[in-house]
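A.B. asks: I'd like to ask you about the structure that follows.
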Amino acid sequence: MKYFLTLLLLSFNLHANSFFDGIELKSARGKDLKISKGPVLVVNIATRCGYTPQLDELEKLSQTYAKKGLTVIGIPSNDFGGQTPESDEDVAKFCKLNYGVSFPITKKTIVSGSEKVELYKKLIKSSKETQDIQWNFEKFLISSDGSVVQRFSSTIKPESKEIKAAIDKLLP
């Protein structure tokens, strides 16, 4: 129910984060996602990766900071070792059942290589580190004004001091 309400709130928010202007995001069930004004943490996720347990920390981060305006978005990708072979809906179910994920999960997306989607082209171009995505669970923190503030590698855990400090700087 909470996941549904989050998606409903996101889809009716008229004050979208400018970074996402012109970027189409679809939920795992194919519904349009509009991103609320406020900081956003975008993470390419996988279901069968050694970093998959980070979903638990991402959910905790989302729960801790959602009331202050942070939106966490999980973007499944099968780009690295075929570690997300499930259908879009099965990925969302997996995340919910195994890690209690209530933040939005999108349809599977190509995040690396020449066929990566516009969102990831823009994320990479706008970050200080312009190399392609290296693996699952890379994280991009976007401010409410639409700038990419920081990029975090897969090895940096969502509840690390580094990520929390960066988020705290963006919130009231």
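A.B. asks: crowded, with 20+ Cβ neighbours inside 10 Å, closer than 24 Å to residue 132 by Cα and modelled with pLDDT of 95 or more: does that describe residue 91?
C.D. replies: So residue 91 passes the test.
A.B. asks: With 97, 171 as the choices, which residue is surrounded by fewer than 18 Cβ atoms within 10 Å (Cβ to Cβ), aliphatic (A, V, I, L, M) and within 17 Å of residue 66 (Cβ to Cβ)?
C.D. replies: 171
A.B. asks: Something else now. For residue 61, only one of the following conditions fails: (1) assigned to a helix (DSSP H, G or I); (2) closer than 18 Å to residue 28 by Cβ; (3) in contact with a strand residue (DSSP E or B) (Cβ under 8 Å, 6 or more places away or on another chain). What is its number?
C.D. replies: Only one criterion is unmet by residue 61, namely (2).
A.B. asks: Then there's this: Determine which member of the set 98, 78 is among the polar types (S, T, N, Q) and outside any loop (DSSP other than H, G, I, E, B).
C.D. replies: Just a single option satisfies the conditions, and that option is 98.
A.B. asks: Here's something else I'd like to know. For the structure I just gave you, tell me whether residue 106 is surrounded by 15 or more Cβ atoms within 10 Å (Cβ to Cβ), more than 26 Å from residue 144 (Cβ to Cβ) and touching a residue at least 12 places away in the same chain (Cβ under 8 Å).
C.D. replies: No: the conditions fail for residue 106.
A.B. asks: Quick check on region 101-115. Is at least one of its residues modelled with pLDDT of 95 or more, of a type in the set (D, E, K, R), within 17 Å of residue 54 (Cα to Cα) and not in a strand (DSSP E or B)?
C.D. replies: no
A.B. asks: Quick one: what pairs do we get from region 135-152, first residue in a loop (DSSP other than H, G, I, E, B), second modelled with pLDDT of 95 or more and among the aromatic types (Phe, Trp, Tyr), C-beta under 6 Å, 6+ apart or different chains?
C.D. replies: Here the result reads 135/80; 136/51; 136/80; 137/51, each pair linking region 135-152 to a residue that is modelled with pLDDT of 95 or more and among the aromatic types (Phe, Trp, Tyr).
A.B. asks: Would you confirm whether any residue within region 62-70 is touching a helix residue (DSSP H, G or I) at 6+ places or on another chain (Cβ under 8 Å) and either of a type in the set (S, T, N, Q) or over 23 Å from residue 168 (Cα atoms) (or both)?
C.D. replies: No, every residue in region 62-70 fails to be touching a helix residue (DSSP H, G or I) at 6+ places or on another chain (Cβ under 8 Å) and either of a type in the set (S, T, N, Q) or over 23 Å from residue 168 (Cα atoms) (or both).
The values are calculated or read from the model by the stated rules, or taken from the named source; none is laboratory data. Keep in mind it's a predicted model, so treat the numbers as computed, not measured. Neighbour counts are summed over all protein chains in view; Cβ atoms, including those assigned to glycine, are modelled from backbone coordinates with ideal geometry.
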